[in-house]
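Have a look at the structure below, then the notes.
The values are calculated or read from the model by the stated rules, or taken from the named source; none is laboratory data. Remember, it's a predicted structure, so these values are computed and weren't measured experimentally. Note that each Cβ is placed from the backbone with ideal geometry, even for glycine, and that neighbours are counted across all protein chains shown. The protein model used for the area step is the full one, side chains on, heavy atoms only, and it has no ligands, DNA or RNA in it. Shrake-Rupley method; radii C 1.70, N 1.55, O 1.52, S 1.80 Å.
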Amino acid sequence: MALNSSVTGLWTSHRQRSKLNLNSVPPPTPPSLPTAPTDELLPVPDLLPTERTDAPPTAPTTPPSQPLSPLLESADPSSTSVPLSIDAVISSPRKRPAPASKASTSKRSKPTPVPERPPPPTRLSQLGGVQPQIDQLLRAIGRPLRFPELYLRLGTKPPRGVLLHGPPGCGKTMLANAVAGELGVPFIPVSAPSVVAGTSGESEKALRGYFDEAAKLAPCILFFDEIDAITPKRDNAQREMERRIVAQLLTCMDEMSWEKLDNKPVIFIAATNRPDSIDPALRRPGRFDLEIEMPIPDEAAREQILRVQAEKLTLSGDVDFRMLAKLTPGFVGADLEALMTSAGECAADRIFHALSLAPTFPVYPALEGAPEGDISMDDAPLVPVPETAIVPTFSSVFFSIPNPLPAEALANLSLTPADFLTAIPLITPSSKREGFPSPPSTSWSDIGALHGVREELHMAIVQPIRRPEVFKRLGISAPRGVLLWGPPGNGKTMLARAVASEGRAGFIAVKGPELLNKYVGESERSVRAVFARARASSPCVIFFDEIDALVPRRSDKLSEASTNIVNTLLTELDGLSERKAIYVIGATNRPDMIDPALLRPGRFDKLLYVDLPKGLERVEIGRTVVNREQVPVRGGLLGDDWRGVEELLASDRADGMSGADIAALVTEAATTALRDALGQAMHHSHGEDDLHGPSTEQSLREQAEAESIHVERRHFEEAFNNVGRSVGEGMRRRYEALRRKFEGVRVRGKGIEDEKENISLDDESNTADAGA
């Protein structure tokens, strides 16, 4: 109480002395400092004038000694807390405005400016071979962005999202950029992996930020590249964060509705090469209304892409783009662009070769006629040795070229057809790297004999792929499938690979059992995936090796899983899905085990029997194997040794040998020749130490190169005693019976089940007689 009375008396005497009116505005004079400490001493905060917080900063410049002395003298000497509180209050007004300003700035933060998203510089004229996809995309998103009044008048809602899917390098990202650049709307690219953050909640926050930005820039396009990285199927998600990201994306897409954005559309475009791994909730109307497939370009599309990419190139004028399109099956847009780059490198190598200096020869000192004693290298004359000419390396040529290049050298520099032909083998198609089908390297020259089967396959598959317009004009529908069957080892797989190579088509080799899976539904999904991949890279040849293991005859004894696989394959062969330019070839040596429904027209139209080779056919196969493997026969294929081998192959001694048996015969003969050479080398070696010494391998290699090991007739005759036959006599008779049976199906029009003759290869007498 004493302290309060003292302070009250002090405040009353101070008001009378300074005659300060609390209701008036304080004068902007420097003597206003005495009021600062006095009003801080008030115990009641309501009496503090509000104007004190706005006092000019020049007030503290007045010396505080004059106004503080009367205050200290009038204070109660018995109270020691008053001077301490005065010191604390004097220093507080100087520090109070700083935190007040910080608090005000945090509460009144300025809104973050929306970054500018200009349209991409890419245009539709820079694309080629994707005109159908451009039309679909413009029809889906072009009209809502340019003519929203159409939908306001009709009262309908425009599409909101498009999913672009296809193999890598087909131009999905470039198509999205080109459409946005052509429409002139803001484009927000989002790399899906960049959304994923390490802290919980940051990924969802990043997604919300992209959608908020799109809402402010509407109308605009929001593009998600590689969207499968953040939208896996929630049933198979490994972490809870992945499920949250998918849920957040679904919620944000639903919030970008036509009504909530004042009829300003925000279009979503996503790109992926794995559409089946995306959560099914995204692939419904209202989110991704349309799915556009970007397939591997065909021959016509590749020609258009080459013409578009070659507009900025300096060409010689005689480049045949149609021929280049035929020579580049399986190439996507990125591969064709790499082809242009590689052709430019070939042209640069050509001009470097023309400007390179002549190769130099090393020189050595001439020592002939030199005096005895020490010889100085400086005194010896230099003699050129042209026998050991040094081949110039690229580094030596590179630094010898003048910089800059002469104008006359650049005047006639252009890309020629030879540059493109040189660059094609240097490019590996992306489809081959990613597991998509690509043409094999087998050709007809790798196959001997089988002329009848080759002609049938040529007309059934190769010609429809090469000349589809001729078949269409004549109203001829190409066979859907061809079944190659016969004894094992006759080249059925090589025939299928050669057909795909000659037709310049993609090739998918499927081993029958590899599609089988222990989980329910996985085998059927694998069959559908094979045909989906073939449709994406048509023209394509699907080859089912050992197809009898995949589609056995359906019966009550067959399991439900195997029956579902057969049904799935039958549906894919002639079901509701369009199978354009997709040819199926099956190979089996057990046609009696295949389901009869697979052998009707429309599925496997042709049944081609690959028989065992006859006498002259065996000779041709042997010649083909020797050429392909480059076996060194003494005298070559025109020498006496090979003539003797041909007589052996054409004789009855080789009757019943398949193509695989003849290839094994050639390999065994070459092995016998090598064994003889190694035995002679070991016979000439002296002692066990020489045999196991470090120079044994080198001596054998030098001796083989010096003596030039050759395969002779006696080696083939010895190999005949070691190589047996794959097909015995009993199995041959049963294959002939099966041949008559299947040929009768086509002639008499009966089904296989109508045949009374029960022919099967399951018999003990069907085993191969190796000693025959």
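The phi-based Karplus calculation (6.51 cos²θ - 1.76 cosθ + 1.60; θ = phi - 60°) puts the 3J(HN,Hα) values of segment 500-510 at 5, 5, 5, x, 6, 10, x, 9, 10, 9, 10 Hz, whole numbers, x for Gly and Pro.
Give me the percent of the accessible area of segment 495-615 that comes from carbon and sulfur atoms, probe 1.4 Å, all protein chains in place. If you can, show how the numbers build up before the last one.
Values: 2560 of 5140 Å².
Here carbon and sulfur together make up 50 percent of the probe-accessible area.
Between amide H atoms placed 1.01 Å from N, distances below 5 Å from GLY161 occur with PHE268, ASP289, LEU290, all of them 5 or more places distant or on a separate chain.
The largest-to-smallest principal axis extents of the Cα set in segment 124-295 are 43, 37, 23 Å.
Can you tell me, using C-alpha contacts under 8 Å and at least 6 residues apart, the relative contact order of segment 124-295 as a whole percent?
Numbers: 264 pairs, mean separation 61.4, N = 172.
Relative contact order here is 36 percent.
Using a cutoff of 8 angstrom between alpha carbon atoms and counting only pairs six or more residues apart, the relative contact order for segment 437-609 works out to 33 percent. Surface composition of segment 124-295: carbon plus sulfur atoms contribute 49% of the solvent-accessible area (1.4 Å probe, protein chains only, all chains present). On the basis of the beta-carbon distance and an R0 of 35 Å, ALA409 and LYS264 show a calculated FRET efficiency of 0.05.
Looking at segment 396-555, the accessible area is 49 square angstrom per residue; that uses a 1.4 Å probe and ignores ligands, DNA and RNA. Across all Cα pairs in segment 437-609, the calculated P(r) in 5 Å bins from zero up to the longest distance comes to 1, 8, 18, 22, 21, 15, 8, 4, 1, 0 percent per bin.
Rolling a 1.4 Å probe over the protein heavy atoms gives segment 255-295 an accessible area of 45 Å² per residue.
Restricting everything to alpha-carbon atoms, can you work out Rg to Rh for segment 577-670 with a Kirkwood hydrodynamic radius? Each step should come with its number before you reach the end.
Values: Rg = 18.8 Å, Rh = 16.1 Å.
That ratio equals 1.16.
Taken about its Cα centre, segment 512-575 carries a charge dipole of roughly 160 debye when the Cβ of each Lys and Arg holds +1 and the Cβ of each Asp and Glu holds -1. A cut-off under 14 angstrom between Cβ atoms defines the neighbours of PRO232, and their net charge, with Lys, Arg +1 and Asp, Glu -1, is 0. Our coupling estimate for segment 273-286, obtained by passing each phi through the Karplus curve with A = 6.51, B = -1.76, C = 1.60 and θ = phi - 60°, is 10, 9, x, 6, 8, 7, 4, x, 5, 7, 9, 9, x, x Hz, Gly and Pro reported as x.
Top to bottom by accessible area (1.4 Å), largest first, where do TYR519, TYR151, TYR735 land? Write down the numbers at each step before the final one.
Numbers: TYR519 135, TYR151 30, TYR735 5 Å².
Descending order: TYR519, TYR151, TYR735.
The convex hull drawn around the Cα atoms of segment 539-616, when projected onto a plane and averaged over every direction, covers 6.7 nm². The residues packed around SER200, meaning those with a beta-carbon under 15 Å from its beta-carbon, carry a net charge of +1 if Lys and Arg are +1 and Asp and Glu are -1. Each peptide in 156-168, 393-405 receives the mean, over its residues, of other Cβ atoms within 10 Å, and ordering these scores from highest gives 156-168, 393-405.
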